[in-house]
Amino acid sequence: MFLSVFDMFKVGVGPSSSHTMGPMVAGAMFLARLRASPFHPAGLRASLHGSLAFTGVGHATDRATILGLAGFDPATYDAEKAEATLAAIRETRTIHAPGLPPLRFDPGADLMFDYGPALPGHANGMILRATDAQGDVILQETYYSIGGGFVLTDAQLAEAGGAKKKARADVPWPFETAAEMLEMAQASGLTIAQMKRANELAFRSTAQLEEGMARIWQVMRDCIDRGMAGTGILPGGLKVRRRAHGIHQALLAERGLNMTPPHTINDWMSLYAMAVNEENAAGGQVVTAPTNGAAGVVPAVIRYWLDHVPGAAPSRVGEFLLTAAAIGGLVKHNASISGAECGCQAEVGAAAAMAAAGLAAVLGGTPEQVENAAEIALEHHLGMTCDPVKGLVQVPCIERNGLGAIKAVSAASLALRGDGIHLVSLDVCIETMRQTGRDMHEKYKETSLGGLAVNVPNC
């Protein structure tokens, strides 16, 4: 199974890749199926299940579903146009989707939050329906938003599960485990990034790869800058203040002072990550890395490396991203990157592993040291729950990305102090994360029914 760097890093919109981007993508998929069908639709309905229902309002799942059915796409999202479209749909109770006749849709009646048991395929399930002029269902599809903006139909999910351990992508280096990755690296003499690059070039040209990765980093960097400039209160009702701007100004004022303690560098890492996740919480443009809820970790570590580490070169950002994507692909393929499936260990934990690997690579680490860095970072996120207060990707999510970045840098540094030989392999750590997620109580998996979500006042 091949997961591209552009699968792991997707330009999208906040606040959630699984709860915002995924439902928007599902809407687009349903429209495509409807256009290709022989039916004559007159209306649309949608129902949200499992985690999509429990935290849907806080994650803007309702808005995203409606916008997806209206033809919006996360990669080209226009906030101003989206607001105008939503207002028109609420007023007219009609959706005008490209290539289809006007479709009846009353947001208050045709979008249902089902708080019963989750659908059988995944915690993030939704059902989209098309109706005829009499209101009878003429087409129905179940979609699962499986994390990181990835969406599968019911049939696709079943097919993917059955073929998961059998499929081999037609690429030069088809590693599906960290052990295979290290064996191939040793046999070929290539780095992880070089093998990943060769795999990417089986599907696109060098120019397309380089331009795509440059855009990914540009969006990440712009997101950090917007986050550091933004002020005010984040939406959603918790009245969380944006803090990145104030932290940035304080750090700039302290630069060059003799009394600045060495650990202040941690504040810079946290700043970069928090800036991204404040933008995400505000519904801004972000890059899944590998999810929106964990979008701050990888860009924060790249920014830390470029701005604070002597010898860092922007020309090597692609190497960082390719290495990180290789690790993220292993986590997704063998476990999960979905908080609704495995808790936050699958989101910030995976992001920290990706960032640690990328940093170790650009700092000259061997493939063994890179794998060790990823393992250290993931190991020390094992068991982390996903318990967003009021269903918003704000508390504890924003600060958690800052600490994830710090852990990633520490993990890379620790791994580079060794020779790559270590007791717990990355494969073992990923499998442990999968098992831990399986055993974790559902209330700790992005439902806002446990943990901080029930012990912190929601207003």
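Of the listed requirements (1) crowded, with 24+ Cβ neighbours inside 10 Å; (2) not in a loop (DSSP other than H, G, I, E, B), VAL428 misses just one: (1).
Answer yes or no: is there a residue in the stretch 238-245 that is free of Cβ contacts under 8 Å to residues at least 12 places away in the same chain and assigned to a loop (DSSP other than H, G, I, E, B).
Start the filter on the stretch 238-245 by keeping residues that are free of Cβ contacts under 8 Å to residues at least 12 places away in the same chain, which leaves 239, 241.
Filter again for assigned to a loop (DSSP other than H, G, I, E, B), leaving 239.
Yes, the stretch 238-245 contains at least one residue that is free of Cβ contacts under 8 Å to residues at least 12 places away in the same chain and assigned to a loop (DSSP other than H, G, I, E, B).
Scan the stretch 397-417 and tell me whether some residue there is assigned to a helix (DSSP H, G or I), under 16 Å from the mean Cα position of the chain (by Cα), over 26 Å from SER448 (Cα atoms) and of a type outside the set (Val, Ile, Thr). No.
Residue by residue, here is whether (1) outside the structural domain of ALA294 (by TED's automatic domain parsing); (2) farther than 30 Å from HIS49 by Cβ holds:
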| site | (1), (2) |
| --- | --- |
| GLN156 | yes, no |
| THR191 | no, yes |
| ASP225 | no, yes |
| GLY236 | no, no |
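Can you confirm whether the stretch 255-269 contains a residue that is modelled with pLDDT of 95 or more, closer than 23 Å to ARG215 by Cα and either exposed (fewer than 13 other Cβ atoms within 10 Å of the Cβ) or in the same structural domain as PRO310 (by TED's automatic domain parsing) (or both)? Taking every residue of the stretch 255-269 in turn, at least one turns out to be modelled with pLDDT of 95 or more, closer than 23 Å to ARG215 by Cα and either exposed (fewer than 13 other Cβ atoms within 10 Å of the Cβ) or in the same structural domain as PRO310 (by TED's automatic domain parsing) (or both).
With respect to the stated conditions, ARG35 is out of contact with any His (no Cβ under 7 Å at 6 or more places or on another chain) and farther than 23 Å from ALA340 by Cα. For the stretch 70-107, the set of residues classified as touching a residue at least 60 places away in the same chain (Cβ under 8 Å), in a strand (DSSP E or B) and either not basic (Lys, Arg) or not assigned by TED's automatic domain parsing to the domain that holds SER47 (or both) consists of LEU103 only.
If you go through the stretch 321-359 and keep only what is in a loop (DSSP other than H, G, I, E, B) and either surrounded by fewer than 24 Cβ atoms within 10 Å (Cβ to Cβ) or polar (S, T, N, Q) (or both), you end up with SER336, SER338.
Per-residue answers, yes or no, for (1) in contact with a strand residue (DSSP E or B) (Cβ under 9 Å, 6 or more places away or on another chain); (2) surrounded by fewer than 24 Cβ atoms within 10 Å (Cβ to Cβ):
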residue: LEU363; (1), (2): no, yes
residue: GLU375; (1), (2): no, no
residue: PRO388; (1), (2): no, no
residue: TYR444; (1), (2): yes, yes
residue: VAL456; (1), (2): no, yes
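Of LEU48, LEU52, all but one fail to be hydrophobic (A, V, I, L, M, F, W, C), crowded, with 24+ Cβ neighbours inside 10 Å, out of contact with any Lys or Arg (no Cβ under 9 Å at 6 or more places or on another chain) and closer than 29 Å to ALA325 by Cβ; the exception is LEU52. Among the criteria (1) free of Cβ contacts under 8 Å to residues at least 24 places away in the same chain; (2) within 21 Å of VAL297 (Cβ to Cβ), the one LEU423 does not fulfil is (2). When we screen ALA373, ALA353 for residues that are within 13 Å of VAL298 (Cα to Cα) and not β-branched (Val, Ile, Thr), the only hit is ALA353.
Taking the stated definitions as given, is GLY232 of a type outside the set (S, T, N, Q), within 30 Å of THR65 (Cα to Cα) and touching a residue at least 24 places away in the same chain (Cβ under 8 Å)?
Working: of a type outside the set (S, T, N, Q): yes; within 30 Å of THR65 (Cα to Cα): yes; touching a residue at least 24 places away in the same chain (Cβ under 8 Å): no.
For GLY232, the condition - of a type outside the set (S, T, N, Q), within 30 Å of THR65 (Cα to Cα) and touching a residue at least 24 places away in the same chain (Cβ under 8 Å) - is not met.
Kindly indicate whether any position in the stretch 90-106 is surrounded by 24 or more Cβ atoms within 10 Å (Cβ to Cβ) and under 30 Å from PRO299 (Cα atoms). No, the stretch 90-106 has no match at all. Among the conditions (1) out of contact with any helix residue (DSSP H, G or I) (no Cβ under 8 Å at 6 or more places or on another chain); (2) over 25 Å from ASP387 (Cβ atoms), the only one that PHE30 does not satisfy is (1).
Checking the condition buried (at least 16 other Cβ atoms within 10 Å of the Cβ) and without any contact (Cβ under 8 Å) to a residue 60 or more places away in the chain, which residue from GLY227, GLY212 passes? Quick ask: steps written out before the conclusion?
Details: GLY212 fails: without any contact (Cβ under 8 Å) to a residue 60 or more places away in the chain.
Result of the check over GLY227, GLY212: GLY227.
Residues that are buried (at least 24 other Cβ atoms within 10 Å of the Cβ) and assigned to a helix (DSSP H, G or I) do not occur anywhere in the stretch 283-293. Here the stretch 189-205 is the region considered, the condition is being touching a residue at least 12 places away in the same chain (Cβ under 8 Å) and touching a helix residue (DSSP H, G or I) at 6+ places or on another chain (Cβ under 7 Å), and the residue that is nearest to GLY329 (Cα to Cα) is LYS196.
Condition check ((1) within 20 Å of the chain's Cα centre (by Cα); (2) of a type in the set (Lys, Arg); (3) under 24 Å from LEU119 (Cβ atoms); (4) not in a strand (DSSP E or B)) across all residues:
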position	(1), (2), (3), (4)
LEU34	no, no, yes, yes
ARG45	no, yes, yes, no
LEU48	yes, no, yes, no
ALA53	yes, no, yes, yes
VAL57	yes, no, yes, yes
ARG63	yes, yes, yes, yes
ILE66	no, no, yes, yes
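For the stretch 156-171, a tally of residues being more than 14 Å from HIS333 (Cβ to Cβ) and either modelled with pLDDT under 75 or surrounded by 11 or more Cβ atoms within 10 Å (Cβ to Cβ) (or both) returns 5. What is the residue count in the stretch 113-127 for residues that are touching a Gly at 6+ places or on another chain (Cβ under 7 Å), part of a strand (DSSP E or B) and hydrophobic (A, V, I, L, M, F, W, C)? Residues that pass the stated criteria total 1. Taking residues in the stretch 431-459 that are within 22 Å of ASN292 (Cα to Cα), and partners anywhere that are surrounded by 14 or more Cβ atoms within 10 Å (Cβ to Cβ) and aromatic (Phe, Trp, Tyr), the pairs with Cβ atoms closer than 7 Å and at least 6 places apart or on different chains are THR447/PHE54; SER448/PHE54; LEU449/PHE54; GLY450/TYR444; GLY451/TYR444.
The values are calculated or read from the model by the stated rules, or taken from the named source; none is laboratory data. Since the structure is predicted, the reported quantities are computational estimates derived from the model, not experimental observations. Please note: Cβ atoms are built from the backbone with ideal geometry, for glycine as well, and neighbour counts cover all protein chains shown.
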